[in-house]
Structure formats: C-alpha cells, structure tokens
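The values are calculated or read from the model by the stated rules, or taken from the named source; none is laboratory data. Since the model is a prediction, treat every value here as computed from it, not as a measurement. Using ideal geometry, Cβ is built from the backbone for each residue, glycine included, and neighbour counts are taken over all protein chains shown.
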Amino acid sequence: MSLSHFRMFSIAVGVLVFVSQPVTAISKSVTIWDDFIEDTTLRKGYTYLVAGVVHVPAGIKLTIEDGVTLYLKNGKIRPRVVDRAALIFDPGSLLEAESFTVKAAGADGRPEKKSDNGGIWFLGSVRDASKDGVTVKSSSEPSSFSAEEIRVSHLGKLDPTPSPQSLNPRGDDLDAISVLGIGPKEWKIKKIQSDFSGDDGVDLTNSSIELEEIQIFSPFEDGLNVSSSRLRVSKKLAVNMTKNLTVKDRDLFDLEVDDGPSYVTLAKGCKAELQGVFGDELKLRSSDLPKPSDETNSLYRFQGFLKRGPATIWSRTED
C-alpha cells in the first residue's frame, strides 16, 4: 500500500498517517504520526516527516523505494518509550529497501542541522536486550531487515544541559542508529553512513551482524558503541572523530561487556580509515593496524587496506 492513498484509508479504518496537505503533483509532503498497521511503501518523490514515536510492528513490512528521504522531527514530545520522534522496527517486523536517507527536521518540517530526535531502532528476536528504556525479548518470529545503504545525519539526542533550575535534568542521550537483539540471519543491510549523531554514531546491544561498509563522521560522543555484540566489516570501516572539547570520554570504539564480550572484526582486504582516540582497555590483534598508544587521549590514525590479514578489536572487561 502506498502512503499516497492514506487519506482515503484513514476515513475507512481510523487515522494511521496524517497528511499535512493533500498529496498532489504540487504538494508531496506526508507527516507520519502513528504506527503502521499494514504493509506500506514509501515512494520516491514524496517527503516523509516522522513526527512521533512510530513503530513498524511484528509481521508488517515497510518498503522504501530507492532515493527516498525521511525526516525525524526534532524536539520533545509526549513520551512513548522515548520522548523524541523515532522510527522503531519492532521484533518480527520487515524492512525492504535499496538506498534511503534519514535526516533531522525542525518544528516546521524543514531540514535542520541539529540532533534532537530519537533516531532509528532495529529490534531483533534472537537475544534479550535493553537500552535507553527500550527492551526486547527473544521470540520465535524473526525480524528481516534488508537494504543496500542507509545514510543518516543529525540523528539522536545530546545529554540534557544542566541549568540553574535543574542541575540534574531528567532524560538521557540517544544514539543515531540502535541495533538490539539481532542475529546474523535477520540482518541484510549492507552499508551504513552516520554523520553528526547526537550521541554514538551506531550502537549495537546483544547483537551479531555483518556490514560491507560502515562510515561514521563526527558523532557527539563515541563512534561505535558495541555492547556484548559482534560486528564484522568486510569492505570498509571509516570512523572520523573531529575535535570536541566539551566531551572528555569520546572514542572510536566503546566496547561494553554487560552480557558478554564484544568484538569488532575487519576482514582481510577491508579498508580502514580511523582518526580519533582508540578506546580504553581494548585489545587489538592485527598485522596491519598499529598498536594504540598507552597514553590517555592519544590520537590514533590509520588509513589503508588490511593486506596481511584480518583485524580484531575486542574487550572482555568493561571499558
């Protein structure tokens, strides 16, 4: 079903998607407020604004045509799991896409270079996992996420800023892309690019996935946060951490071990582009990547291909 027909559909069934203006050849702006309730296709040529916490429930397939751009509305909303607009793929849901882009938007729906939203969540069925108030339980209905490439910018949310009225403000930061409880058979997304995230560029919790390429540029905090998970990259890993004097603990890799060890593996022949602080208490096995310095906050740089063999970065102790 195409979202261009949702005005007729909402009359018969109840409001699922609110179209801010009639969808015509002149106006193609679609605002999505509530959960999808049947298989839906997002069409190229339309602009989609996610203005609430929107779920793709179990058994529902969201198809996104090549070249589509979605926007997540910035700003606090009435809490529903998280208190920012977010797109959440529930356990047992399906994504079928080629390449699409997700950006932040202001209150007027226009693009905004500010990270103040809930990001994108992919929830699997393989392992129990919990993060930022979102919890998944292992189940028999697998998820299926397939895409050639997902490009995101200014997704996620920074930590609340203390004020004279509230030295300990409520709330927490949110990552650009969150992956929870996903197994390798559920994940067929090939490439991810995450720029200017509000917290970590990509966060994996209790998951095991493979990507051909992952590129992260200038996250507010860590590049890759891997919690009791395994990530394998076959063709390219690029993490570029620009200078940020306001955040002290800000690393290329943050590997956490709450429910078991974490591993990031780069295949032989993979291209690595790394610039930033490597990460604390991490182990590196590689014939190509240089050993990180023992000095705190020492800058780590490498650009090249892994010609001699694979590389593994891992932690069995909490970072």
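Here are the numbers for the structure shown:
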{"quantity": "Residues that are acidic (D, E) and modelled with pLDDT of 95 or more, drawn from region 260-296", "calculated": "E273, D288"}
{"quantity": "Test: residue in region 85-94 that is closer than 15 Å to L180 by Cα and among the acidic types (D, E)", "calculated": "yes"}
{"quantity": "Verdict on D294 being in contact with a Leu (Cβ under 6 Å, 6 or more places away or on another chain) and more than 22 Å from K191 (Cα to Cα)", "calculated": "no"}
{"quantity": "Enumeration of residues in region 297-319 that are within 22 Å of R230 (Cβ to Cβ), in a loop (DSSP other than H, G, I, E, B) and not basic (K, R)", "calculated": "L306, G309, P310, T317, E318, D319"}
{"quantity": "Out of D294, D249, D288, sole residue that is in a loop (DSSP other than H, G, I, E, B), out of contact with any helix residue (DSSP H, G or I) (no Cβ under 6 Å at 6 or more places or on another chain), of a type outside the set (A, V, I, L, M) and buried (at least 17 other Cβ atoms within 10 Å of the Cβ)", "calculated": "D288"}
{"quantity": "Where Y263 falls short, out of the listed (1) of a type outside the set (S, T, N, Q); (2) within 22 Å of the chain's Cα centre (by Cα); (3) under 22 Å from K235 (Cα atoms); (4) in a loop (DSSP other than H, G, I, E, B)", "calculated": "(4)"}
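Condition check ((1) over 16 Å from the mean Cα position of the chain (by Cα); (2) part of a loop (DSSP other than H, G, I, E, B); (3) at positive phi) across all residues:
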| site | (1), (2), (3) |
| --- | --- |
| P79 | yes, no, no |
| G92 | yes, yes, yes |
| T101 | no, no, no |
| A104 | no, no, no |
| D108 | yes, yes, no |
| K113 | yes, yes, no |
| I120 | no, no, no |
| V126 | yes, yes, no |
| S138 | yes, yes, no |
